[in-house]
Each structure stands twice: as structure tokens, then as C-alpha cells.
1. Would you mind ranking 391, 347, 957, 586 so that the residue whose beta carbon has the fewest other beta carbons within 10 Å leads the list?
2. Please state the Cα pair-distance histogram of the range 246-339 with 5 angstrom bins from zero: what percent is in each bin?
3. Could you put 290, 472 in order, starting from the residue whose Cβ has the fewest other Cβ atoms within 10 Å?
4. Arrange the peptides 476-484, 196-204 so that the one whose residues have, on average, the most other Cβ atoms within 10 Å appears first.
5. Take every Cα pair under 8 Å in the range 545-677 that's 6+ residues apart, average their separations, divide by the length, and report that relative contact order as a whole percent.
6. What's the exposure ranking of 541, 668, 825, going from fewest to most Cβ atoms within 10 Å?
7. Taking volume of the Cα convex hull per residue in Å³ straight from the coordinates, which label in (1) 271; (2) 465; (3) 260 is the correct one?
8. Mind checking the angle between helix 622-633 and the chain's longest principal axis? C-alpha axes, 0 to 90 degrees, to the nearest 10.
């Protein structure tokens, strides 16, 4: 199911809200789009010259974006869409119409969708065409509404992802006279099995409106251009007015003078095509300026006029308008011509070559024509030459070659632009090819194409195991990839911050390998999911499957045998790969938990490659892996190994968790105190061992090539301190209070005294707890070899619940406990969400916390666990940071939070599903639980969540459930909660042995404190349960003492 929607050439779509977990990107269920949509261009809609199409003129036109372009989209505009009968209708605006609109021609598709898109066979089709006034750039009042049936479709020769594109020329039943406004077109077959999908256009102004199921006109904002493809045609003159003049020709002065001769033939027909009997005058215009009027024109006669009033050379066009008593006929418009002396056209055959490494040489052929097609005297007075880094050179005189020599520190890719000039100005520009000028790179080239910017970390690691230059690039063509490079590392990233390698990028990599290079390439999707390029087969890798998000631990193989790593890099859709049979390539990295391969090495004799499907910088010991690869390539620095044991100098016991560092490399000792650096560059190194509460120790060791060096450490523990004190309540000693500090604990004696020794020095928090009393804490400073005193004066917890008690009568078990006033909360969302007294913070009005009954998904129903309702927050494409906040209440000793949840654990998309607590009325919040921080799995109400609240005993708090996205584009999963219980852990209902066969996950009938109004009321609870799965017995406790066990 992965990333299906990203391709957007799919044929299946999902209605909003019908999926529990969102896929990769937004997919509008009302349209098809190209794979890589680009932003809409902001064009200004302009009137167009009339073009005759039979008896009609084109009054306004926006051409469709062809399927070969990258930003096409085709949106449903049909009355059959949705369930209300109001459909989904698009409208686009038009301006500059001069005439009567008689036809609307639209371009699009006719598709059916029964779970997937397919061609529909509705020919002819019925349409609704509506015209609206413009209201300050928005759809205004309705002007014309027309239902038009039986319009035949005509294929226009294009197709979109295999679907034929059609044109429908809709003849209006009532012509429309509007200079500007909006036109809406919708299919009107009232059939959800066949829809009209309207193609988009890049020729509009970036404004379009949509009315979905009668909700009103709303502006559309999408990545692809939103304007629709349509043509308005009609008439521009009275049928008895003259037709347009013919044979209109403009001839500029042949010697470059500022004059031109205009000739034409007067009309002999009317606009409707009948013989013309009345022609009163013919007017000639230059642009919109009237030049001359023929007052007694001959019908069908030839006319000529010389325009000597042109003041400067330039581009001009002319139009001729004939008129009679019925008005003006349509204009005949000439082609645009250049009149006067022209500037030179661009040079041709411009070529950049490199001589002697640093000299750029340009050669070209000079133009023989004017830039605008006007008169050109073939005289060039000079050139402007601009280097691609914006350095400009002015060259005087006519030439066909030019060169410059760059400084040695200016090596790079360059191109040049050459513009010839004459006495009348600068001519056309030509741009040369791109060439590398200067010294080529040596050493290692790291090309980071990923979205996670891991190249810098890899560059740093390589510097610790490789002696040469290491250059970081952000594109394949940033530097020339030549055989002088020892190795190239390509980082493509992991979904959804990955780059898809294309053939243009693969070509220089293939040439590099064929020249004997060493190439490393990593990418989560590049081996099994993305389209392979010509470089992929050279790795000896077969893509097995698209993989998943289960890469946690990695084992090494072959020349990395015996190494293992924890992995913390990007972990989404990691391709599973295998060596290509018969090539000799070998497995190098394996997913330690699943056994799937994620790295392959290949020695092809004339070149070497390593390919992985994970980020190598995500390994906890990246140096060992990178050093092994560098050695495999045969370019690593001489190296050896270092190992040893770290012990306590006094006890001689091994110290687990000590840190041993060599430069930027770090190792943590194991349970035996052992550490190991399997690869270190030869030479002297400073080795430091450190551990909290121990004095660090430093040695200088000498690593020799191919040899193992040993260095042990015996660390001295720093002196510890002691804390003592007294615990009282109302001036009386408190016996049995528990004191805890830094992992040590002690209870007070009969005099309320305590003492704890062996405490590590530093600022420490000491906690005092006693059942029924408010937990207290204090900060103390421990100094080695000294004693500090800290006393505590305790306070009773207000309305604290007594210990659970009960008795057994025959087969019935009766439990009794006090119900404290205002203590705890229970909520099953039966009345509303948020419930009375609760709060909600809403940032996304469409998808925030809401009340839901049973919800059906393709994977099954989500059924409330307590009552008929549950609370739900669904994913959306807009930003979401949604809070559901409990009333404020006081935490009693032993109180905890439990609730049922339906959620996906371990989201890797930056979104979080928190439970938080606030002790200051909601000003600040502390995280208690996060579904995204857990290992990836689904909890579909199987496992209740249990959160201890003992750290907050005695405090007034609020509890919040917060769902927040990580990228501002909405959550990825829907979250349900139900059966919220905040109360004492001792409020546990036990059951009758007569009902053992049916009892499990029982619902507490006396769970809600709302049923009791007085603090200290004793409640006798007889079992009432709702059964889910069988149990074998139960235990009865008084406080923490088990007083009975039955089964």
C-alpha cells in the first residue's frame, strides 16, 4: 500500500475520511494529476485577436496543458459527484470578450469510477453551462443557466495516463453578451458512474472557483495550475456588416528606412457570407492608431497606403476595418513586422572548449540576419560576453573567437553568453555549452542528494579513516566525476526525504565505474521501488521488495563479519536487496531482526561498489563500517586495532557503561568492562576512559599497521557522601517513612530518624514518601566524605482514600473502600466531546476531537469499549494540533490513569499522540505518554494504557490528550480513546467465583465517583461485570497484603 498516491498515475482513489492511516501525500478524490505538479503560473488574461473558425470567431481561449507536461491536472466537474445531487462544479473567469458568445468548447476526460478509474462511454453527453458576473475577482450573480443535451465528443489526439482526451463544442441555446465574467461547465448525466473531468490550463491568471455539493463557490489553491481549458466562440458583427478585408500585407522599406507599404483587398461579402452591396468606408490602423480612411472604397477593390510616419525602428502591426450602415465588420489584422534598421541576430555554433586546463576558448559564427527579421547591414561593431558567474567582458570589433585564462583557484563549471551589437543596439544572445575549467578533483567526492543532509556527518567520518581530500557536493554535476577520484559516495536518502536517481545523473557514474572507480550508493527506495538507471546493474544488486520500517539492528558480513550496530537513521520503506546471482557480489549488511539483506558489496575486478538501503551515518559506530568500505576500495589509511578492560581500581570489578574515546570515536564498555576499536589509523592516539563518579584516566598509545594494541584502565571512584535527618508530623516522629536518593533508600526508625550513605557527590534530589501523606522532596548538595542533614515535616493528603478492604460470603466477594470527595475522574464520552467541564483546543476545524459511535473501516469496525460513544481525532491534510483537556483535580496517593485506545504506535512521520499533565492550570505541560515513541505496532483497543501518577500526589493537575502533526500538513493516523479512569489503584473490583468462566477485563460498576456525594461513604460492591475473555482465578488484597486467593 506504500506511497501509492505519490505516483498520482494510479487509477484508484479514496474518499476523504475513509482510510484510518494516511498514505504518502494528498490525493484529491475529485481529480487526476501528473506525478510532479508545479506551482500555477500567474498569467494576466488578455483579449485575443479574432480568429475565424467558419462562421464564428474565437473570442477567448485557454489551451489545455498537454499530458507530456509535468503540471497537468484534470478535475471532476459533474452533477453526479457526491451524494447530495448538487455535484462538484468548476468555474473559471474570462475577460476582453468583444462579441456575442454562442459556443463554449471544453477539453477533458469522460471517466467512470467503481473503485478505480476507467473510460466511460457516455457519448453524447449532457451539460449545464452557467455564466456569472465578476464580483471583485470572485464568482458573482448568475447571468445565464442553460441545460444543453446531446453534445458529441471529439478526441483531440492526446491522452492522460492512458485515458483519451476529448473536446466538447457546446452550442448555447441562448447566446450570451458579456465582456468579462465567469463560466461554469458541469456534466449533467446524473450518473455517478460517468463523470466529466475538466482539464487545466497554464494560460490563466491562477484563479479558479469550485462549488462542491452546493456548499458555495470557494477559491482553489493547489500546486498545479488551477485555470480550466476552454474556448469561447461567437460573433463580433452584424450579419449584414462587411466581412473582413483580405490579402493584408505589410512590406517594410527594403533599405531599412522607417516606412512601410500596406496593401489589402476590400471585402466583397457580408459578415454572414452574402454578397456585399454597401461599403461606406475602410479604416487603416497602426496598432490602435488610425492612419488613414478610404472614404469611397470599391467593393472587392485593392487598396494601398505608404506609412511614412514611423519615428523609430521597431515591431509593428496593422489592421483594416470595413464598415457600412450596419456597423463595423471584423478587423483584418496583419502579422507583426519589423520596420527600420534591425540589430543582429544571435551568433550561431557557439562552442566552449578548454585548453591547458585553465583557458576557456569560445568560437562562433556571426549572424547574417536581423534579430527581428528586419533589415540588417551585416556590420557588427562588438560583443558583450558574460561568464556564468556574471563576470562581463566588452569586446570591440568583429571576430569569431575569444578566450580567457582563469586563476587556479577558480576551477569550476562555466558557460558563456555572447551578444553581438551594431550601431542600432545589442542583438540576440547565444549561450555556450557548459564545461569544467580548471583542475579536476582528487580524493573522495560525497554527493548528498538526500533530504536529511547526512553528507556532512559522512564527510567527518571519512576524514578519520582517509588521508586525502574529501569534497561535499549537493548534485551529481557539481564537479566532474573523473578517474582521478579515489571514490564517490552517493547519498539518496530514505522515504520521504529521498532523491530518485535519473538517467542523466547515472551517466557520469557509469563512465566513472568503467574507468575503474569505486562507488558507494545508499537509498531506501533506489534498489527495489524506484525505476533503475544504467548504473544500478553495475552494483550486482537485485531489489527483492520495497521493505518496511523494521530496521533497528544491523549485522555485518563478509569483510565486516563480526560487527553489529544499532541503527537510528531514517527508517521507512527500507528496500530488501540481494546479490545478483552469478556476479560474485556478496552480502555486506543484514537486518539482524528479520534476516533481510540491506547492503551488498561487489568487486567487479575493474571497479568496486557498495550499495545499501539505509543511511550509513545512522549506525552507532559509523567509523567501523566506513573504514571497512574504504579498505575494501583499497584507499584507506594504514590501520590497526585497540581493545582493553576498564575496572574499578579498588574492587577490581569491571565497570559497565564507561566511555572510552579516541579522538572523535567513542566506545561504551560492556558488562565485562570491555571495549574495542576494530579499526584505528596507524600512529599515536590519546585514549581517555571516563565514568560518572570516577576520575578519568588518559594514556597515549601507538597503533601499528595490521596489529592489535591492548590498553586497560583502572579507575578510582570519587569519595561518596551521607545524608541524614528526621521526619515528623505535627511535631511527632513518623516511623516507616521511605527516603530515596540516587538509587539508595532507607526507612525512618521509631524516632523518625534516617541515614543514607554511599551517595555520589553533586546536586541530588531526596524524596520522602509515606502512605496517606503528601510526598515531599528536597534538593541537597552531596560532598565526598561529608554528611548533610535534611529533615521533613509531613502533611496529610486531603480526603485521602483508605486502603481497600473486603470480605467473602459464600461465593460472593464484597469490596469496601472510601470514595474521596472530588477524587479522580471517569469518562466514557457518552454525553459529548469535550464532556461538560472539559476543554478543547482546536486548530483544525474540520478534524479535531469529536464524539463518535461505531466507525467502520476496511480493516474492521472501531467499537466503543464502554457505552455507545468514544472520542476520536481523525487525520487531515491541514495543520493539526488538537487538545482534549480534563477538568482540574487533586492527585491522591497511589492514583493512576487508565484508558482504552485505538492507535498506531511508532509513527515515523513526526506526528505525536501524547498524554500530558499540567500542574499550573495548563500554562505548561509535561509528557506522560506518547504513542509515537513506542515500537511500531497497532493497539486496536486490545491493551489498556496505564500511567502512574504517584509523582504528582497532593498536587492539583489537569490531564490532556494532544495530537499534533510534525510538518504542518496534518496527522498520519486517526486516534480513538474511551473508558478514561483516573483514580486510586486500590479501587479494584473482584468477582464472584460463580462467574469465573466469563469474567475478564471487567468494567467497574462503582468506578464513577459521581454517584456519591459525601467523602468517606462506605460502598459495598456486588460484582457486575461485562465479559471479554476467560480467567482462571483471582486474588483478594487488603492494601498491599493478599488476604485470599481463589480459582
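1. Ranked by crowding around the Cβ, least crowded first: 391, 586, 957, 347.
2. 3, 13, 26, 23, 15, 10, 6, 3, 1
3. 290, 472
4. 196-204, 476-484
5. 17 percent
6. Placing the least packed residue first, the sequence is 668, 825, 541.
7. Read-out from the structure maps to (3).
8. Roughly 60 degrees between the two axes.
Read the figures in this text as sums done on the coordinates, not as results from a lab. Nothing here was measured: the structure is a model prediction, and the numbers come from that model. For neighbour counting, all protein chains shown are included, and Cβ atoms are generated from backbone atoms with ideal geometry for every residue, glycine included.
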